[in-house]
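Each remark here refers to the structure printed beneath this line.
Any read-out appearing in this document is the output of simple, stated calculations on the displayed coordinates, not a laboratory observation. Everything numeric here is computed off the predicted structure, so don't read it as measured data. Reconstructed Cβ throughout: ideal geometry from the backbone, glycine too, with neighbour counts over all protein chains shown.
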């Protein structure tokens, strides 16, 4: 079972796509990091995964729960 899974996760702010169609899976026990320059969408991705922010599109699950429907 994947601990974190996203399918085409997207967040836009007007014309700016902060996260664009992110698809990934992180298996239980796996170490995973988000690395990139300022403005790459790392913090936005974490906010989407913790249900602090709603995605503009796509889906995400953390420990098998949908981040919006089961947050």
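Kindly provide the set of residues from the range 48-71 that are outside any strand (DSSP E or B) and within 19 Å of residue 21 (Cβ to Cβ), ordered by number.
Once the filter is applied, which keeps residues that are outside any strand (DSSP E or B) and within 19 Å of residue 21 (Cβ to Cβ), the range 48-71 yields 48, 49, 53, 54, 55, 56, 67, 68.
Name the one entry in 62, 67, 19, 35 that is touching a helix residue (DSSP H, G or I) at 6+ places or on another chain (Cβ under 8 Å), without any contact (Cβ under 8 Å) to a residue 60 or more places away in the chain and loosely packed, with under 12 Cβ neighbours inside 10 Å.
35
Taking the range 17-47, which residues are assigned to a helix (DSSP H, G or I) and in contact with a strand residue (DSSP E or B) (Cβ under 6 Å, 6 or more places away or on another chain)?
Those that are assigned to a helix (DSSP H, G or I) and in contact with a strand residue (DSSP E or B) (Cβ under 6 Å, 6 or more places away or on another chain): 44, 45.
Would you tally the residues in the range 1-16 being assigned to a strand (DSSP E or B) and touching a strand residue (DSSP E or B) at 6+ places or on another chain (Cβ under 9 Å)?
11
Based on this model, can you work out whether residue 29 counts as surrounded by fewer than 17 Cβ atoms within 10 Å (Cβ to Cβ) and either out of contact with any helix residue (DSSP H, G or I) (no Cβ under 8 Å at 6 or more places or on another chain) or free of Cβ contacts under 8 Å to residues at least 24 places away in the same chain (or both)?
Yes: the conditions hold for residue 29.
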